[in-house]
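The structure under discussion appears below in the form of structure tokens.
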Amino acid sequence: IKILCLCINIKKLVLGTRCQITDQCFDRIFPHNKFQYLEKIEIRKNDLLTMKTLSNILLYCDNINSILDIEEWSKVDRDDLEELREHMRDNNIDIVLEEKQEDSRGVSLYQICQSALKERYG
């Protein structure tokens, strides 16, 4: 938390599956750092973050244009996420909320890599 409070000029933040960041962590970070220059945030497979953090990211991060892997945040309701996507589409808000489907099978590069790692290492 201390590091994120001090990183006021970052443009991209990537947190992997091993980082167990919570809504409460962001609640402690945002009073000190609004991430005003943050453009891209990627938080992979989180079981602790909710729509509260997503809303705060959209509220505080003025330059945000990409928030990836939200569909893998288990505490974010799929209907709420779809409603947010529709709202953004209807209002011409250009923020990417999901990886582009690079594959004709509808699978992202990240998903392909995850599958390959599971096959290889069990």
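Between the helical axis of 78-90 and the longest alpha-carbon principal axis of the chain there is an angle of about 70 degrees.
Of the residues Arg78, Arg44, Arg120, ranked by 1.4 Å probe accessible area with the largest first, the sequence reads Arg120, Arg78, Arg44. Remark: the Leu15-Asn65 segment gains 16.3 nm on full extension, using 0.36 nm per residue and subtracting the alpha carbon distance. Ser74 contributes an accessible area of around 70 Å² to the protein surface, as traced by a 1.4 Å probe with all chains present. Computed about the Cα centre, the dipole magnitude for the chain is approximately 700 debye when only Lys and Arg (+1) and Asp and Glu (-1) carry charge, each at its Cβ. Accessible area per residue for the chain is 66 Å², calculated with a 1.4 Å probe on protein heavy atoms, without ligands, DNA or RNA.
The accessible area of Cys19, taken with all protein chains in place and a 1.4 Å probe, comes to roughly 50 Å².
Under 37 °C and 0.692 mPa s, how fast does the stretch 46-91 diffuse according to Stokes-Einstein, given a Kirkwood radius computed over C-alpha pairs? Answer in µm²/s, whole number.
The diffusion coefficient I find is 295 µm²/s.
Helix 51-60 versus the longest principal axis of the chain: what is the Cα-based angle in degrees, 0 to 90, to the nearest 10? Here the helix axis deviates by roughly 50 degrees. Simple spin-label estimate for Ile8 and Asp90 gives 3.8 nm between the two label positions (7 Å along the Cα-to-Cβ direction from each Cα).
His32 sits with roughly 130 Å² accessible to a 1.4 Å probe, with DNA, RNA and ligands left out of the calculation.
Computed over the stretch 1-77, the percent of Cα pairs more than 21 Å apart is 15. Expressed as a whole percent, the accessible surface of the chain that belongs to carbon and sulfur atoms is 49, based on a 1.4 Å probe.
A cut-off of 5 Å between modelled amide H atoms, ignoring neighbours fewer than 5 places along the same chain, links Val96 with Ser66, Ile67.
The values are calculated or read from the model by the stated rules, or taken from the named source; none is laboratory data. What you are looking at is a predicted structure, and each value in this text was computed from that prediction instead of being measured. Methodologically, a virtual Cβ is constructed for each residue, glycine included, from the backbone with ideal geometry; neighbour enumeration extends over all protein chains shown. Ligands, DNA and RNA are stripped out before the accessible areas are found, and what is left, the full protein with its side chains, is counted by its heavy atoms. Shrake-Rupley method; radii C 1.70, N 1.55, O 1.52, S 1.80 Å.
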